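These notes are about the structure you will find just below.
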Protein chains: 2
Amino acid sequence: MTARATYHHGDLKAALVEAAVAAAREGGEAAVGLNRLAAGLGVSASAAYRHFPEGREDLLVAVGDVGRRRLAERLAARIADADADADAEPAPGTATAARRRFRASGRAYVEFVLDEPGLFQVANRHDRGRLPGADPFGVLEACIADLVDTGVLDEDRRTDAAAAAWAAVHGLAVLLTEGPLRRLPPDRRERVLERTLDMVESGL
Amino acid sequence: MTARATYHHGDLKAALVEAAVAAAREGGEAAVGLNRLAAGLGVSASAAYRHFPEGREDLLVAVGDVGRRRLAERLAARIADADADADAEPAPGTATAARRRFRASGRAYVEFVLDEPGLFQVANRHDRGRLPGADPFGVLEACIADLVDTGVLDEDRRTDAAAAAWAAVHGLAVLLTEGPLRRLPPDRRERVLERTLDMVESGL
DNA sequence: CCACTGATGTTGACGCCGTTCACACCTCGG
DNA sequence: CCGAGGTGTGAACGGCGTCAACATCAGTGG
């Protein structure tokens, strides 16, 4: 780990991204520094520039991509959990199932941000647009489509519904991690989250 | 402005905050640098540290306070506007008036953030808690109280209502300025804003 | 098998940043 | 008038992002 045998590293780019993700997880954006990371890998700083032509910003975008991908995966997983947990009656494809999935996605979003505030911070601030397979917003849109298909949401109220729902959940996550709601005890967090999800569900 | 007559500046602290606010307005947090600002005022960098003992962070908090104060003022002003514009029938103190004020505050919040993204960014990221007279959240809470008083919102649903509403509006503002909704054309912005306000109003 | 070429890594430098310390100056109260 | 304390200066430190010139390696065509 400390020194390497060969002159070439093998896969410096991947190693840098990995280290940058680790740094972002504890310390957020400020902890992602090219010099430090390169030194940590036993490599000169300029070597990093070979792999990230636009410098630090490129690296941050790469970290952000990882963050968005993990977030999207978490959302999908929690939605699947919600489906699985419902060995209760209502068959999939029903309105209550759609509602359950929708709620699960919102809850998972906030849960992820509380788990990984640093990664989420970088993911938000350095985004060069959607990339296929790593798109949290896409997951949310799918949930909205579910709501429409099952008749929970009127077709004509569909427009911008995803954006509005996203705004509420995203805003709550931001307020809870970087914002003034930062120091809320977990039980109060839970109540606020529940309240927000209620608002979205009954207000959309 | 370029050179000063006296050895002492007079009010360097205020001058630094003013310059920092100007810098933050165009360029956001990254543009607020002690060295640059001090130099711009024709003063050595270390002089700034006399007035901001904790260094840059102190200055950013000061800028944030200005931002929060301006935001709170804007909210109050737009609420007053809404009251004034309503030379239409419904008297103040009615449910529709409370709804109008509530909506005006949400709209004003987003409006301010779009007007002053840099200032808002600093205000969010460097917050050491509420300071009296400069508290946007307090304005929102007053609006909620209005809703309760006029019977729009049930007493027992009051808990965390302000937080949920705030989350929605704040999240929308963040998505519209720093986030993925950044490049939305103004007319679509307006639709999303309206949709979000609808969601909050009917979902609270 | 070898020389060339392009990819990869190194060394050293630049300017900017935040921060600190020892020192100079100016103002004001006693 | 003098001394004390608030205010500003100069110089320095380490760290950062970035770049250009040079060194080294790995694979490919002759």
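The values are calculated or read from the model by the stated rules, or taken from the named source; none is laboratory data. Every value quoted in this text rests on a predicted model; they were computed, and no experiment measured them. Cβ: placed from backbone, ideal geometry, glycine included. Neighbour counts: every protein chain shown. Heads up: the accessible areas ignore ligands, DNA and RNA and are worked out on the full protein's heavy atoms, side chains in. Shrake-Rupley method; radii C 1.70, N 1.55, O 1.52, S 1.80 Å.
Checking the structure you have, find out if any residue of segment A:33-55 is in contact (Cβ under 8 Å) with a residue 60 or more places away in the chain and more than 8 Å from DNA strand D (Cβ to nearest atom). Please lay out each step first, then the result.
Kept after step one, since they are in contact (Cβ under 8 Å) with a residue 60 or more places away in the chain, are these residues of segment A:33-55: none.
No, the conditions are met nowhere in segment A:33-55.
Take segment B:183-197 and flag every residue that is within 13 Å of B:Arg107 (Cβ to Cβ) and more than 7 Å from every other protein chain (Cβ to nearest Cβ).
Of everything in segment B:183-197, those that are within 13 Å of B:Arg107 (Cβ to Cβ) and more than 7 Å from every other protein chain (Cβ to nearest Cβ) turn out to be B:Arg189, B:Glu190, B:Leu193, B:Glu194, B:Leu197.
Which condition from (1) open to solvent by 40 Å² or more (accessible area, probe 1.4 Å); (2) touching a Lys or Arg at 6+ places or on another chain (Cβ under 9 Å); (3) over 30 Å from B:Gln121 (Cα atoms) is the one that A:Asp115 breaks?
(3)
If B:Arg101 satisfies every condition in (1) in contact with a Cys (Cβ under 8 Å, 6 or more places away or on another chain); (2) open to solvent by less than 40 Å² (accessible area, probe 1.4 Å) but one, which is the exception?
Answer for B:Arg101: the failing condition is (2).
Evaluate the following for B:Val21: is it more than 14 Å from DNA strand D (Cβ to nearest atom) and either within 23 Å of B:Val110 (Cβ to Cβ) or surrounded by fewer than 17 Cβ atoms within 10 Å (Cβ to Cβ) (or both)?
Numbers: more than 14 Å from DNA strand D (Cβ to nearest atom): yes; either within 23 Å of B:Val110 (Cβ to Cβ) or surrounded by fewer than 17 Cβ atoms within 10 Å (Cβ to Cβ) (or both): yes.
Against the criterion (more than 14 Å from DNA strand D (Cβ to nearest atom) and either within 23 Å of B:Val110 (Cβ to Cβ) or surrounded by fewer than 17 Cβ atoms within 10 Å (Cβ to Cβ) (or both)), B:Val21 qualifies.
For A:Ala134, state whether it is of a type in the set (A, V, I, L, M), within 14 Å of chain B (Cβ to nearest Cβ) and either without any contact (Cβ under 8 Å) to a residue 60 or more places away in the chain or open to solvent by 10 Å² or more (accessible area, probe 1.4 Å) (or both). Give the steps one after another, and end with the answer.
Details: of a type in the set (A, V, I, L, M): yes; within 14 Å of chain B (Cβ to nearest Cβ): yes; either without any contact (Cβ under 8 Å) to a residue 60 or more places away in the chain or open to solvent by 10 Å² or more (accessible area, probe 1.4 Å) (or both): no.
No.
Determine, yes or no, whether A:Ala24 is within 19 Å of the chain's Cα centre (by Cα) and free of Cβ contacts under 8 Å to residues at least 40 places away in the same chain.
Details: within 19 Å of the chain's Cα centre (by Cα): yes; free of Cβ contacts under 8 Å to residues at least 40 places away in the same chain: no.
When the stated conditions are applied, A:Ala24 does not pass them.
Can you tell me which of B:Pro185, B:Pro180, B:Pro132 is at pLDDT below 95 and out of contact with any helix residue (DSSP H, G or I) (no Cβ under 8 Å at 6 or more places or on another chain)? Walk me through how you get there before you give the answer.
Values: B:Pro185 fails: at pLDDT below 95; B:Pro180 fails: out of contact with any helix residue (DSSP H, G or I) (no Cβ under 8 Å at 6 or more places or on another chain).
Unique residue meeting the criteria: B:Pro132.
Quick one: is A:Arg128 under 28 Å from B:Arg107 (Cβ atoms) and within 14 Å of chain B (Cβ to nearest Cβ)? Walk me through how you get there before you give the answer.
Working: under 28 Å from B:Arg107 (Cβ atoms): no; within 14 Å of chain B (Cβ to nearest Cβ): yes.
When the stated conditions are applied, A:Arg128 does not pass them.
Restricting to segment A:178-204, what's the tally of residues that are crowded, with 19+ Cβ neighbours inside 10 Å and of a type in the set (S, T, N, Q)?
1
Exactly one condition in (1) more than 14 Å from every other protein chain (Cβ to nearest Cβ); (2) surrounded by fewer than 20 Cβ atoms within 10 Å (Cβ to Cβ); (3) closer than 27 Å to B:Glu178 by Cβ is false for B:Ala45; which is it?
Status for B:Ala45: all satisfied but (3).
Quick check on segment A:145-181: of everything there that is acidic (Asp, Glu) and more than 30 Å from B:Gly64 (Cβ to Cβ), which residue is nearest to the other protein chains (Cβ to nearest Cβ)? So that I can check it myself, show each step before the final result.
Filtering segment A:145-181 for residues acidic (Asp, Glu) gives A:146, A:149, A:154-156, A:160, A:178.
Keeping just the survivors that are more than 30 Å from B:Gly64 (Cβ to Cβ) gives A:146, A:149, A:154-156, A:160.
Working: A:Asp146: 18, A:Asp149: 20, A:Asp154: 13, A:Glu155: 15, A:Asp156: 12, A:Asp160: 4 Å.
That would be A:Asp160.
I'm trying to understand the selection: among the residues of segment A:40-55, which are under 26 Å from the mean Cα position of the chain (by Cα) and among the charged types (D, E, K, R)?
A:Glu54
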